[in-house]
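J.: To start, I am sharing the structure in question, which I have written as structure tokens.
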Amino acid sequence: MARKLGIGAMAMELMQSLLVEKPATVLYPVERLEPPERFRGRLRYDPESCTLCGLCQRDCPAGVINVVRKRVEREDGTKKLTGHVEFEMDRCIFCGQCAHSCRQGAISFTREFELAQPRRELFMLGGSSVDVDEEGCDSDGDSAP
Ligand code: SF4
Ligand code: SF4
């Protein structure tokens, strides 16, 4: 049979449970929990490792990545790819596919999760210039696959 408690007794019971039981939440942002090891937070792009192959752009399901590149001839007759990679991170769904597709390990994720920005342009990432010797690039043509 269900117990019938007066309002005072219910308040007392609630107070007791709050004092005894561990809270399910923390007082964020004063207290902070560490995200799990494989958490996908802020995306990190390393232009030093990038070969402008375009696989990340091809595989991103949200159309976040744009690989801009062109093939140019140096004075000595050798060719190189030059360009950059742009990420419109306000559309990113943090699926991790780009990091999985990149053969160079140029894309990874930090565990940083406070990513709010007041303006859309602040979500843009990348843009650093990349130069790759032609033999260092594993894709053909000026446009990314
Ligand atoms: S995490 Fe997913 S959605 Fe975000 S840039 Fe990479 S592939 Fe695109
Ligand atoms: S997949 Fe990696 S190496 Fe290729 S363009 Fe993207 S970041 Fe650069």
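The values are calculated or read from the model by the stated rules, or taken from the named source; none is laboratory data. Source: prediction; values computed, not measured. Cβ atoms come from the backbone with ideal geometry, glycine included; neighbour counts cover every protein chain shown.
J.: What are the pairs, 6+ residues apart or on separate chains, where a residue within region 86-101 that is farther than 13 Å from residue 44 by Cα and modelled with pLDDT under 95 has its Cβ under 8 Å from a residue that is near ligand 2 (Cβ under 10 Å from one of its atoms) and among the small types (Gly, Ala, Ser)?
T.: Filtered contacts from region 86-101: no entries.
J.: Here is a further query. Tally time: how many residues in region 60-116 are within 12 Å of ligand 1 (Cβ to nearest atom) and either out of contact with any helix residue (DSSP H, G or I) (no Cβ under 9 Å at 6 or more places or on another chain) or not aliphatic (A, V, I, L, M) (or both)?
T.: 21
J.: Determine whether residue 34 is in contact (Cβ under 8 Å) with a residue 24 or more places away in the chain, exposed (fewer than 14 other Cβ atoms within 10 Å of the Cβ) and more than 7 Å from ligand 1 (Cβ to nearest atom). I'd like the intermediate steps shown before the answer.
T.: Numbers: in contact (Cβ under 8 Å) with a residue 24 or more places away in the chain: yes; exposed (fewer than 14 other Cβ atoms within 10 Å of the Cβ): yes; more than 7 Å from ligand 1 (Cβ to nearest atom): yes.
When the stated conditions are applied, residue 34 passes them.
J.: Test of understanding: among 47, 36, 61, which residue is within 14 Å of ligand 2 (Cβ to nearest atom), under 27 Å from residue 116 (Cβ atoms), part of a loop (DSSP other than H, G, I, E, B) and at pLDDT 95 or above?
T.: Result: 47 is the single residue among 47, 36, 61 that is within 14 Å of ligand 2 (Cβ to nearest atom), under 27 Å from residue 116 (Cβ atoms), part of a loop (DSSP other than H, G, I, E, B) and at pLDDT 95 or above.
J.: Look at region 74-95 and say how many of its residues are away from ligand 2 (no atom under 14 Å from the Cβ) and over 30 Å from residue 38 (Cβ atoms).
T.: 7
J.: Would you mind telling me which numbered condition in (1) within 17 Å of residue 97 (Cα to Cα); (2) under 16 Å from the mean Cα position of the chain (by Cα); (3) not in a helix (DSSP H, G or I) residue 56 fails?
T.: For residue 56, the failing item is (3).
J.: What about residue 44, is it more than 12 Å from residue 107 (Cβ to Cβ) and either within 9 Å of ligand 1 (Cβ to nearest atom) or not aliphatic (A, V, I, L, M) (or both)?
T.: no
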